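Report on one structure; see the data block that follows.
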Amino acid sequence: MDSGRRNIIILLGVIAVVLLGYFLWVFMPDGRHNWDELYHHDDEKRPPYSTEVMVDLLEGYFPENDLTIMDKKKLAETLPVDTTGDAAPVNYVFVGERMYLDSADRNTLLRFAERGNHVFIASKAIPYLLRQELYKRDCDTLLVEEDTSESEYYYYEDEEIEYVEDEEYYDDITSMEEDSVSFDLEEIKEIARRSANASMSYNESYADTIVAMNFTHPKLRRDSAYIYQYVYRNKPGSYTWYYYENNKRLCDSLFGYVQLGYFDDTYPNFIKVPYGEGSFYLHSNPLVFTNYHLLDEDALTYAGNVFSHLHEGDIYWDEKSKDYYAQSPRNQDFSQSPLTYILSQQSLRWAWYLMLSLVLLFALFRAKRKQRIIPIRAANTNTSLEFIQTIGRLYHLQQDHKGLSEKMMSLFKDFVRRRYGIRIKQANDKDIRLINIKSEVATVHIEEIFTRYRRMNREDEISESHLTNFYNALERFYQTCK
């Protein structure tokens, strides 16, 4: 691997480590609180954006009545719709990011309101079928009466619309007492945020960090608005605040509502939709009813004024409709699959993403081989014998017996040097003795080799018989040496 490619890999590795550290620092769960918008009620763990404080406050809101938390069975199986006669109205309350209803739940909720009960829903999105049912009514159903005192009206764009018949309704607004919240240091289990865009109808949205909320009715409206700021991990941040469409635009679409509240002097976020003998109260910012904001005295006052629109009676708090998987067995099986559970837990979710990233990097950098494919080569063969035979035939054809003898002697000296470490120059008695000791060949045979070589070296021409005898002497040495 060349240095340029190595440097690129090192640089990419450093970038990956830096990005990993950044994501861990930004997205790692807070050791004390879970700052996600959970909205679920859990007495043991009270994260900032959940609703334990709201439930505690509603338990004492109507002292003579009961608060029922619907967390085991669906709305259609729990909510009473047969409240008739002189029975006091019953209130239904939902506070959550999304509301999931099947057809049975929706029909039960509509009958519940139609028979004189009150429905309060604080959610960013309303189920499409429920919204369709509420929005298909004419604006003319909201009657306008001329001879009525100002206390019986609220004002919207210079038009007087009947709000309530009982003037004392606003004179006796119940105040909510501040309740303490203790955030558990133990990390809570994150609730999976499942999307259901096909079945949800989202309100209009507006992004900002701080909004100022207020009421429309003169007896509830304050000169100084209620200030809400979005905070994540104790740091302010931008947030999407939802609101309902403009009243005139909705009236053109055959929908009428009574505006009860707004934020930033422009955006309606709290409305009343009369339905039968009862009413739907819709609030598009459930965040204002969470633990974090209810620690503030102004937020408590605002929440008290919002819930003052409910009539005195039992309250049914809906937890079950916050869970998408609670609506059908098929959805429940899907939501409880292993991968869904992994993605619902923040630590497991980031571990899963990290593993996929590492697999991708491994596949990217290991896709190429470390080195090129080595070509297949034939095994080396020993051609020494063929070479010798070729050289021998060459010398034999030329009849150069003396030159051949010199080559044979040179090969013998090289053999002795490589095997025994003896360099032969004069071939004296000392050299012969050393060769005899190391090769264990008889001295007479060694002397014969040198004697025949010196004899042939003195002659100008060598006969074939002399060369043959010299060759036999060398072969005897090669075959008997150690």
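Bear in mind these aren't lab numbers, they're just calculated from the coordinates by the rules spelled out. Every value quoted in this text rests on a predicted model; they were computed, and no experiment measured them. Ideal geometry is used to build each Cβ from the backbone, glycine not excepted, and the neighbour counts take in all protein chains shown.
With a cut-off of at most 10 other beta carbons within 10 Å, and DSSP calling the residue loop, which GluC sites (Glu not before Pro) in region 403-480 qualify? Please list them.
Filter output for region 403-480: Glu440, Glu461.
Mind listing the long-range amide H neighbours of Glu204? Cut-off is under 5 Å, sequence gap 5 or more, other chains count too, H placed in the peptide plane at 1.01 Å from N.
Placed amide hydrogens put Tyr243, Glu245 under 5 Å from Glu204.
Amide H to amide H, which residues 5 or more places from Tyr275 or on other chains are under 5 Å from it, using H placed in the peptide plane?
Under 5 Å from the amide H of Tyr275 lie the amide H atoms of Phe280, each far enough along the sequence or on another chain.
For Tyr239, what residues show an amide H to amide H distance below 5 Å, using hydrogens built from the backbone and excluding near sequence neighbours?
Asp208, Thr209
Order of His40, His118 from fewest to most other C-beta atoms within 10 Å?
Ordered by Cβ neighbours within 10 Å, fewest first: His40, His118.
Between the alpha-carbon centers of region 442-482 and region 375-403, tell me the distance in whole angstrom.
What the calculation gives is 22 Å, centre to centre.
Ranked by Cβ crowding within 10 angstrom, fewest neighbours first, how are Val95, Val258 ordered?
On the way: Val95 26, Val258 22.
Result, fewest neighbours first: Val258, Val95.
At most 11 other Cβ atoms within 10 Å and a DSSP loop assignment: could you name the GluC sites (Glu not before Pro) in region 45-78 that fit?
Passing sites in region 45-78 are Glu64.
What order do you get for Asp56, Asp429 when you list them from fewest to most C-beta neighbours inside 10 Å?
Fewest to most other Cβ atoms nearby, the residues stand as Asp429, Asp56.
Taking only pairs that are 8 or more places apart or on different chains, how many Lys pairs in region 385-480 have Cα atoms under 17 angstrom apart?
6
Residue by residue through region 317-322, which ³J(HN,Hα) values in whole Hz follow from phi under the Karplus form 6.51 cos²θ - 1.76 cosθ + 1.60 (θ = phi - 60°), with glycine and proline marked x?
Couplings: 9, 9, 9, 5, 6, 7 Hz.
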